Amino acid sequence: MSADLLALTDVRMGFGDGPDVVAGVSLSMSRNEFVSIVGPSGCGKSTILNAVAGLMPVRGGTVTYQGEQIRGVNTAVGYMTQGDTLLPWRTVEDNVAMPLRLRGVNKAEARAKVAELLTMLDLDGAGRKFPAQLSGGMKRRALLARSMIYQPDLLLMDEPFAALDAQLRTQMHRELRSTVARTRQAVLFVTHDIFEAVLLSDRVIVIGGTPAAPTAEVDIPFGADRDIEGLRFDPQFVSLEKQVHDELSRARTLSRVAS
Ligand SMILES: Nc1ncnc2c1ncn2[C@@H]1O[C@H](COP(=O)(O)OP(=O)(O)OP(=O)(O)O)[C@@H](O)[C@H]1O
Ligand SMILES: [Mg+2]
């Protein structure tokens, strides 16, 4: 496995004076790879993404992005956080345009890109609204739009589709997978949904234990132009789903035994 994009080496993290939440976390990603992290609730998945985004310091080990060690906020990645970080006093349009505006893109160009993305994410008509006027699923899509508007080499996504209905989720799966294939972006994706992890990923990393660390890795060999609608009927897909499911059960047991 190549590590030309991202490498975490023996990373250890915790909060305040508390015990380590994750320890011995080593994982790497290559360009244009789609990797999912699955693991029991509270085991440290968002914490790991925060290390990659440089939003939380590590207690030990290193995080290297494109050959450079991350020491502060990593503005080179896009991050769709698990929580709602839309600015309530700005319209959806302005929220989504923000990463472009911060990078000096002019208003007209930003507006055109925002409109295109809002259409792709089924948010036509929501651009002039404020976050408080949106449903939970619409807010998630607005956040998704904001993380996708400029095209970083790596997108961090923390349960991006959890609040969506099944049909919309399928549509988002299709859009995300085809967008990143076209833009050659890599994605580090956190989900509780095993089906979604296998459907979208080139590789699934299972984490567990207390403190948590990767316990298994499953390669998903369907490639970039996979058939998002038809894959679920493929026997190999079903068997990979079962494999991830079994590894997750094992990780859950580890977390329980240790805590
Ligand atoms: N600000 C904080 N202060 C202290 N402990 C925290 C803080 N944030 C998270 N934790 C603890 O760190 C552990 C890992 O949290 P994290 O949010 O990374 O888990 P997660 O795997 O993303 O969970 P979920 O699947 O529920 O989103 C949890 O046990 C949580 O209670
Ligand atoms: Mg989380």
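Here are a few things to note about the model shown:
- Enumeration of residues in segment 80-115 that are in contact (Cβ under 8 Å) with a residue 60 or more places away in the chain and either farther than 14 Å from Ile149 by Cβ or exposed (fewer than 13 other Cβ atoms within 10 Å of the Cβ) (or both): Thr81, Gln82
- Residue in segment 210-228 that is more than 16 Å from ligand 2 (Cβ to nearest atom), touching a Pro at 6+ places or on another chain (Cβ under 9 Å) and either of a type outside the set (Phe, Trp, Tyr) or open to solvent by 10 Å² or more (accessible area, probe 1.4 Å) (or both) present: no
- The condition of being away from ligand 2 (no atom under 16 Å from the Cβ), open to solvent by 10 Å² or more (accessible area, probe 1.4 Å) and under 18 Å from Leu6 (Cβ atoms) holds for only one of Arg184, Arg203, Arg174, that being Arg184.
- Selection count, segment 43-79, where residues are open to solvent by 20 Å² or more (accessible area, probe 1.4 Å), within 16 Å of ligand 2 (Cβ to nearest atom) and either more than 16 Å from the chain's Cα centre (by Cα) or under 22 Å from Leu102 (Cβ atoms) (or both): 4
- You will find that of Val58, Val96, Val52, the residue that is closer than 30 Å to Leu199 by Cα and within 16 Å of ligand 1 (Cβ to nearest atom) is Val52 and no other.
- The number of residues in segment 157-196 being of a type in the set (Val, Ile, Thr) and more than 16 Å from ligand 1 (Cβ to nearest atom) comes to 5.
- Qualifying positions in segment 82-128 - of a type in the set (S, T, N, Q) and at pLDDT below 90: Gln82, Thr85
- Residue within segment 88-108 that is closer than 28 Å to Lys45 by Cβ and part of a loop (DSSP other than H, G, I, E, B) present: yes
- For the criterion of being surrounded by fewer than 22 Cβ atoms within 10 Å (Cβ to Cβ), within 9 Å of ligand 1 (Cβ to nearest atom), of a type in the set (Ser, Thr, Tyr) and modelled with pLDDT of 95 or more, Thr9 fails.
- Single condition Gly16 does not satisfy, out of (1) free of Cβ contacts under 8 Å to residues at least 60 places away in the same chain; (2) more than 10 Å from ligand 1 (Cβ to nearest atom): (2)
- When Phe161 is tested against (1) more than 16 Å from ligand 2 (Cβ to nearest atom); (2) modelled with pLDDT under 95; (3) open to solvent by less than 40 Å² (accessible area, probe 1.4 Å), only condition (1) is not met.
- Criterion: out of contact with any Cys (no Cβ under 6 Å at 6 or more places or on another chain), at pLDDT below 95 and of a type outside the set (Phe, Trp, Tyr) - qualifying residue of Arg203, Arg177: Arg177
- From Phe189, Phe195, residue being touching a strand residue (DSSP E or B) at 6+ places or on another chain (Cβ under 8 Å) and either open to solvent by 30 Å² or more (accessible area, probe 1.4 Å) or over 21 Å from Glu116 (Cα atoms) (or both): Phe189
- Condition met for Thr191 (more than 24 Å from Leu5 (Cα to Cα), hydroxyl-bearing (Ser, Thr, Tyr) and touching a residue at least 24 places away in the same chain (Cβ under 8 Å)): no
- In segment 34-48, the residues that are farther than 14 Å from Arg252 by Cβ and part of a strand (DSSP E or B) reach residues that are near ligand 2 (Cβ under 8 Å from one of its atoms) and among the β-branched types (Val, Ile, Thr) with C-beta atoms within less than 9 angstrom, at least six apart or across chains, in these pairs: Ser36/Val190; Ile37/Val190.
- Matching residues, segment 80-98, being hydroxyl-bearing (Ser, Thr, Tyr) and within 16 Å of ligand 2 (Cβ to nearest atom): Thr81, Thr85
The values are calculated or read from the model by the stated rules, or taken from the named source; none is laboratory data. Given the structure is predicted, the values throughout are model-derived calculations rather than measurements. Note: ideal-geometry Cβ built from the backbone for every residue, glycine included; neighbour counts use all protein chains shown. With ligands, DNA and RNA removed, areas are computed over all heavy atoms of the protein, side chains included. Shrake-Rupley method; radii C 1.70, N 1.55, O 1.52, S 1.80 Å.
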